[in-house]
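Written below as structure tokens is the structure these notes are about.
The values are calculated or read from the model by the stated rules, or taken from the named source; none is laboratory data. Only a predicted model underlies this, so the values are computations on that prediction, with no experimental measurement involved. A quick note on method: Cβ atoms are made from the backbone with ideal geometry, for glycine too, and the neighbour counts reach across all protein chains shown.
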Ligand code: SAH
């Protein structure tokens with residue numbers, strides 16, 4: 001009788017990665033609890049994008065791994081691709097943790113500015129402006145390289161591309177309004193999710 005679940009090692013590794021990811025989020029969420037918001041630009045559309053990312057990143061992979069519901073989309077992946085996926089997972093989780101640690105109290109799930117919001121330009125923010133979204137991209141690649149299923153494997157990448165293209169212009173406009181020339185100068189010396197080559201960096 002075929003297994004009612006897809007519990008192969010790469011799938012389980014990804015689910016462990018998701019548990020670590022949720023643990024990191026939960027830890028930092030506790031640390032910013034009670035911080036007051038001064039500007040809230042979170043819209044219904046922005047919240048919908050977050051829901052899409054959660055469905056793509058967590059709900060569909062769990063559905064695929066722990067049931068047979070999505071098995072129509074299964075295919076085979078060579079082990080070398082799985083190894084690449086594990087690598088993306090480790091680097092993605094490290095970057096997710098570091099971006100939370102460096103952003104500190106300036107972090108929020110939606111588009112917000114805190115009271116006495118500080119512009120962070122150090123740590124993983126010294127070369128790229130969106131290391132947390134870069135970690136989402138890495139985690140989405142890991143998902144595609146570890147879960148051999150068209151839907152569960154690639155759903156997060158679609159959601160993250162959407163989040164990135166819609167949210168980043170709004171987020172940068174908000175930071176430009178708050179920090180003006182300081183953010184402009186920061187934009188000139190950094191990349192979005194990939195570091196700029198051949199430019200001076202630092203704070
Ligand atoms: N786009 C960033 C941060 C995501 S969290 C990343 O990918 O790492 C979203 C919140 O972070 C936004 O509401 C904004 O207020 C805040 N933010 C983004 N970049 C920041 C920076 N360099 N310094 C301080 N706050 C920042």
Specify which of the listed residues (140, 108, 116) is under 20 Å from residue 35 (Cβ atoms) and surrounded by 15 or more Cβ atoms within 10 Å (Cβ to Cβ). 108
Selection from the range 62-97 of residues that are within 16 Å of the ligand (Cβ to nearest atom) and surrounded by fewer than 17 Cβ atoms within 10 Å (Cβ to Cβ): 91, 94
Please indicate, with yes or no, whether at least one residue in the range 180-200 is touching a strand residue (DSSP E or B) at 6+ places or on another chain (Cβ under 9 Å) and in a helix (DSSP H, G or I). no
Please pick out the residue among 151, 161 that is free of Cβ contacts under 8 Å to residues at least 12 places away in the same chain, under 30 Å from residue 9 (Cα atoms) and more than 10 Å from the chain's Cα centre (by Cα). 161
Can you tell me which residue in the range 108-164 is farthest from the ligand (Cβ to nearest atom), limited to those that are in a strand (DSSP E or B) and modelled with pLDDT of 95 or more? 149
Quick one: which of 62, 86 is within 18 Å of the chain's Cα centre (by Cα) and over 25 Å from residue 110 (Cα atoms)? 86
Subset tally (residues that are closer than 21 Å to residue 135 by Cβ and either outside any helix (DSSP H, G or I) or in contact (Cβ under 8 Å) with a residue 24 or more places away in the chain (or both)) for the range 32-54: 8
Evaluation of residue 24 against (1) under 24 Å from residue 85 (Cβ atoms); (2) part of a helix (DSSP H, G or I); (3) without any contact (Cβ under 8 Å) to a residue 60 or more places away in the chain (one fails), failing number: (3)
Here is a check on your reading of the model: is residue 38 loosely packed, with under 13 Cβ neighbours inside 10 Å, under 19 Å from residue 178 (Cβ atoms) and either more than 15 Å from the chain's Cα centre (by Cα) or within 16 Å of the ligand (Cβ to nearest atom) (or both)? yes
